[in-house]
Amino acid sequence: MLSRVADSLYWMSRYLERAENTVRQLDVTMSLMLDTGGTSAEQRWRRLLASLGKPAGLEWNGDLEAMTSALVFDSLNPASITFCVNGARENARQVREEISSEQWQRLNRLFHQVHAPGAQEQFASNVNDTLASILDGIHLFKGVSDTTMIHSQGWQFIRLGRYLERAYASATLLEVYQPDLLHLAEGDTTGYQYLELVGLLRCCTSFEAYCQVYTADLTPDRILEFLLLNRDFPHAIRYSVDCLNDSIESIQRTGGRRPPEELTAGIGRLHAMLGYTSITEILSGNPSAFLHTIREQCMRIHEYIYRYYVHYSIQSALSV
Amino acid sequence: MSAGPPMELDTLFGDYLLDHAFDEMREATGEVRPHYRALAETLARLPHDELQRRKQSADLAFLTQGITFTVYGRDEGTERIFPYDLLPRLITAQEWDRIERGLTQRITALNLFLRDVYSDAKILKDRIIPRELVYSCKHYRRQMRGLQVPRNVYIAVVGSDLLRLNTGEFVVLEDNLRVPSGVSYMLTNRRVMKRTFPRLFTSYGVRPIEHYPQLLLATLRSLAPEGRPEPNIVLLTPGVFNSAYFEHTYLARQMGIDLVEGRDLVTHDNVVYMRTTDGLKRVDVIYRRVDDDFSDPLVFRSDSSLGCAGLFNAYRAGNVTVSNAFGTGLADDKAVYAYVPRMIRYYLGEEAILPNVETYLLSEEKERRHVLANLDKLVIKAVGESGGYGMLIGPHSTAAQREEFARQIEANPRNYIAQPTLDFSRAPCLVNDALEPRHVDLRPYILFGDKVNIVPGGLTRVALEKGSLVVNSSQGGGSKDTWVLQQ
């Protein structure tokens, strides 16, 4: 597969995953703010912005409506949902012959949805519905991607983009929440704390899945364990890393070229970190550093993918 | 479903204009031509709203498939749906036979001309075509001199524009020998039409065109360099901002080949490679949809990054086939065009089966004086332009426009030609609820590999605006499906 095409598919997918993450976190923050006790609006927004990676040009200024609108519609801000959707569509447009018509139509529809005249007014009058319908659009796209596209290299690059972005975003989110999480007062009965914990789980669409595994008894260590180490839940970091591993292996199988040591080692290290460490060990050590390492590893893996599959030097390719 | 009463033929025709121009559907007396009768009867039988309903469902098919093109030179200048008309244009087997023979003859001669000019230049030595006309052409590429081209095929893909005059005779208006476009609209039109008029289509016995991508692939494969039995064939596009990008993606998908941009290609030791996730992969045949100028910054325009540095040397070394060859624009120069019938006589010893349109060369003093005196009656064209750019239509022009063109002609006469304003044929189109005649041309697509291959049909382009003579999609033209009949 052409390197440029692989790169575009990868970024199309990363951008959509990023948009989805932003939609969910914004949605959770907005609904938590309905309960005015406990954490203040300012604190929540600072936390939201931190877990989105502290995007430049978005500082809490007290104007809730303007902030929300910017995070959704400001097409010049790289953190906004619109920016991500634009990025995904632009990448898709450049590899129009590689993706299925269904994928293209879905993505096109999503694009026109955020750009429709009146979209901002509609959003202002009903935030939840708008966010929900954007989320629907993204889900539909992912669905048709999996069902209408041949599962060869191109699809694997889509998966690489999706799971790398997801692992990175989840690690960022947990790193931001983790200090608060570990210092919760014992035996809180006001219910605010419970809401916070549900909010964190919902940021990763994992509340219901969590309950199935641990019951509705929400404790910080279990939540961390679930979101970090669960091997069966698609939004757990370990699951994402396993998928990265699968995809790289599959790309190697179809391409016949061995990935470089550093790439397999990078993924292998993450895989081992998450597969062979218990939550007790993590908590007794330095959880913040642990999460930080995951993020760093993700960035490195991205770099290796780019250097090895997309932007390799001609000399190195000719000497093989 | 509510169905109104069927339309009568008279209501259908309404104020249908019939004058001295040839009408594809009706005789001068108003009678429907025999091969159009089944179509007319079907239309007359349809319930009142049915045509509009079918039009809407066909519109939707184009829209959701994103069949678009890009218009340059406008601020909003972005994607637009390619406008089309619902009614097919019919061509009888007999008419097609003549077109096919005429185009085969013409393309064969044009290819021989290119080969000759870039090798011995006999036709110039024999003074059939003036030397300065060829060497002053801006599409002449001296780099092609003495270069051996695979199978001696310079023009593998051609689209020639035909018009039908009021005598009923088809003439060639121009040849597109560089990167002719529009074939994807021919193919998508057909797909939509088969769904819109399934029964009518069957009853007519229309010759198929759907195998065009396969023929194109076979043509490109036949031109692969020696010793490359499983050639890697790619389509080279300028990228997503090109007006024909939709077509590039469409053809690449239909042929199952990679769509590459210049930045995907690298050359090493005069071999072209593409960057893939599995490393560098050798490229054997390039179906080039990038103009000469932008193909290789080392040889042509150095400020362009659309092509691939070193491509031309790899081509010269015979390690990669590029189709069409470089420098083919020489033979579709509108001044060289005037000499095509003489070329046919010179190389093939035959008379042209499809005649040319009468053409004045403005570099000739006498003809120039005549043209400048009659600017309001003639069509002036810049010789190296295409797509309807750089054109003056005398009868529809303002005095200021004519003055401007006169000035440009005086400044650079070699750059312009003039032709009479042609009364070319009209075909019925669906306008609101009635049929109205609009001017049409015909662009068949010719493939030239082992031999000349023409899929029966082509793109019928329509000047959708009433009275307009401009059919170019970049200038508000549309298209129709073209049905070549078995009988």
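On the given criteria, is B:M274 over 22 Å from B:Y154 (Cβ atoms), buried (at least 19 other Cβ atoms within 10 Å of the Cβ), among the aliphatic types (A, V, I, L, M) and away from chain A (no Cβ under 14 Å)? Before the answer, list the steps.
Details: over 22 Å from B:Y154 (Cβ atoms): yes; buried (at least 19 other Cβ atoms within 10 Å of the Cβ): yes; among the aliphatic types (A, V, I, L, M): yes; away from chain A (no Cβ under 14 Å): no.
No, not satisfied.
May I ask you to say which residue of B:L442, B:L464, B:L469 is hydrophobic (A, V, I, L, M, F, W, C), more than 29 Å from B:E364 (Cα to Cα), modelled with pLDDT under 95 and crowded, with 16+ Cβ neighbours inside 10 Å?
Result of the check over B:L442, B:L464, B:L469: B:L464.
Cβ-Cβ below 6 Å, separation at least six or inter-chain, first residue in the range B:102-121 and more than 10 Å from B:V153 (Cα to Cα), second surrounded by fewer than 24 Cβ atoms within 10 Å (Cβ to Cβ) and not hydrophobic (A, V, I, L, M, F, W, C): which pairs?
Note: pairs meeting the criteria are B:A109/B:Y347; B:D116/B:K122; B:Y118/B:R145.
If B:T167 satisfies every condition in (1) in a loop (DSSP other than H, G, I, E, B); (2) polar (S, T, N, Q); (3) free of Cβ contacts under 8 Å to residues at least 60 places away in the same chain but one, which is the exception?
(3)
Does the range B:205-212 include one or more residues that are surrounded by 16 or more Cβ atoms within 10 Å (Cβ to Cβ), within 27 Å of B:Q56 (Cα to Cα) and more than 9 Å from every other protein chain (Cβ to nearest Cβ)?
Yes - at least one qualifying residue is present in the range B:205-212.
Condition first: within 13 Å of B:F13 (Cβ to Cβ), of a type outside the set (S, T, Y) and outside any strand (DSSP E or B). Now tell me which residues in the range B:28-38 satisfy that.
Within the range B:28-38, B:G30, B:E31 qualify.
Residues of the range B:257-269 being at the interface with chain A (Cβ under 7 Å from one of its Cβ atoms), among the β-branched types (V, I, T) and in contact with a Gly (Cβ under 9 Å, 6 or more places away or on another chain), which ones?
Selection gives B:V266 alone.
For B:S222, work out the one condition from (1) within 28 Å of the chain's Cα centre (by Cα); (2) more than 9 Å from every other protein chain (Cβ to nearest Cβ); (3) closer than 29 Å to A:S316 by Cα it doesn't fulfil.
Against the list (1) within 28 Å of the chain's Cα centre (by Cα); (2) more than 9 Å from every other protein chain (Cβ to nearest Cβ); (3) closer than 29 Å to A:S316 by Cα, B:S222 comes up short only on (3).
Please determine, by comparing only the residues of the range A:292-320 that are among the β-branched types (V, I, T) and within 9 Å of chain B (Cβ to nearest Cβ), which one is nearest to B:D264 (Cα to Cα).
A:V310
Please give the number of the condition B:R301 fails out of (1) surrounded by fewer than 23 Cβ atoms within 10 Å (Cβ to Cβ); (2) within 14 Å of chain A (Cβ to nearest Cβ).
Result: B:R301 passes all but (2).
Go through (1) in contact with a Pro (Cβ under 7 Å, 6 or more places away or on another chain); (2) of a type outside the set (A, V, I, L, M, F, W, C); (3) outside any helix (DSSP H, G or I) and name the single condition A:R257 misses.
Status for A:R257: all satisfied but (1).
I'd like to check which helices (runs of 4 or more DSSP H) are fully inside the range A:24-111 and have at least 1 residues that are within 14 Å of chain B (Cβ to nearest Cβ).
Fully inside the range A:24-111 and qualifying: A:81-93.
Under 6 Å between Cβ atoms, which residue pairs at least 6 apart in sequence (or on different chains) link something in the range A:76-103 that is outside the structural domain of A:L58 (by TED's automatic domain parsing) with a partner that is among the basic types (K, R)?
none
Go through the range B:308-333 and give me each residue that's buried (at least 23 other Cβ atoms within 10 Å of the Cβ), of a type outside the set (V, I, T) and either more than 23 Å from the chain's Cα centre (by Cα) or assigned to a helix (DSSP H, G or I) (or both).
B:C308, B:L311, B:F312, B:A314, B:Y315, B:G329, B:L330, B:A331, B:D332
Checking B:G279 against (1) within 14 Å of chain A (Cβ to nearest Cβ); (2) touching a residue at least 12 places away in the same chain (Cβ under 8 Å), which test does it fail?
Of the numbered conditions (1) within 14 Å of chain A (Cβ to nearest Cβ); (2) touching a residue at least 12 places away in the same chain (Cβ under 8 Å), the odd one out for B:G279 is (2).
State all residues of the range A:240-252 that are surrounded by fewer than 21 Cβ atoms within 10 Å (Cβ to Cβ) and either away from chain B (no Cβ under 11 Å) or in contact with a strand residue (DSSP E or B) (Cβ under 7 Å, 6 or more places away or on another chain) (or both); if no residue qualifies, say none.
Passing the criteria: A:D242, A:C243, A:N245, A:D246, A:E249, A:S250.
Among the residues of the range B:18-65, write down those that are surrounded by 14 or more Cβ atoms within 10 Å (Cβ to Cβ), away from every other protein chain (no Cβ under 14 Å) and of a type in the set (A, V, I, L, M).
Those that are surrounded by 14 or more Cβ atoms within 10 Å (Cβ to Cβ), away from every other protein chain (no Cβ under 14 Å) and of a type in the set (A, V, I, L, M): B:L18, B:A21, B:M25, B:V32, B:A38, B:L39, B:A40, B:L43, B:A44, B:L46, B:L51, B:A58.
Among residues belonging to the range A:32-91 that are aromatic (F, W, Y) and in contact with a Phe, Trp or Tyr (Cβ under 7 Å, 6 or more places away or on another chain), point out the one that is farthest from A:L195 (Cα to Cα).
A:W60
Do we have any residue at all in the range A:41-50 that's surrounded by 15 or more Cβ atoms within 10 Å (Cβ to Cβ), touching a Lys or Arg at 6+ places or on another chain (Cβ under 8 Å), farther than 30 Å from B:M255 by Cα and touching a residue at least 12 places away in the same chain (Cβ under 8 Å)?
Checked the range A:41-50: no residue is surrounded by 15 or more Cβ atoms within 10 Å (Cβ to Cβ), touching a Lys or Arg at 6+ places or on another chain (Cβ under 8 Å), farther than 30 Å from B:M255 by Cα and touching a residue at least 12 places away in the same chain (Cβ under 8 Å).
Given A:L283, A:L227, A:L270, which one is in contact with a Cys (Cβ under 7 Å, 6 or more places away or on another chain) and part of a helix (DSSP H, G or I)?
A:L227
When only residues in the range B:236-256 that are facing chain A (nearest Cβ under 9 Å) and assigned to a loop (DSSP other than H, G, I, E, B) count, which is modelled with the lowest pLDDT?
Here the answer is B:V240.
Taking the range B:190-200 as the region of interest, how many residues are in contact with a helix residue (DSSP H, G or I) (Cβ under 6 Å, 6 or more places away or on another chain) and touching a residue at least 12 places away in the same chain (Cβ under 8 Å)?
Restricting attention to the range B:190-200, the residues satisfying the condition of being in contact with a helix residue (DSSP H, G or I) (Cβ under 6 Å, 6 or more places away or on another chain) are B:192, B:194, B:196, B:200.
Subsequent filtering for residues that are touching a residue at least 12 places away in the same chain (Cβ under 8 Å) retains B:192, B:196, B:200.
Total meeting the criteria: 3.
If A:Q122 passes every condition in (1) surrounded by 13 or more Cβ atoms within 10 Å (Cβ to Cβ); (2) more than 13 Å from chain B (Cβ to nearest Cβ); (3) outside any helix (DSSP H, G or I) but one, which one does it miss?
So A:Q122 meets the others, but not (3).
The values are calculated or read from the model by the stated rules, or taken from the named source; none is laboratory data. Because the structure is a prediction, the values reported are computed rather than measured. Note: ideal-geometry Cβ built from the backbone for every residue, glycine included; neighbour counts use all protein chains shown.
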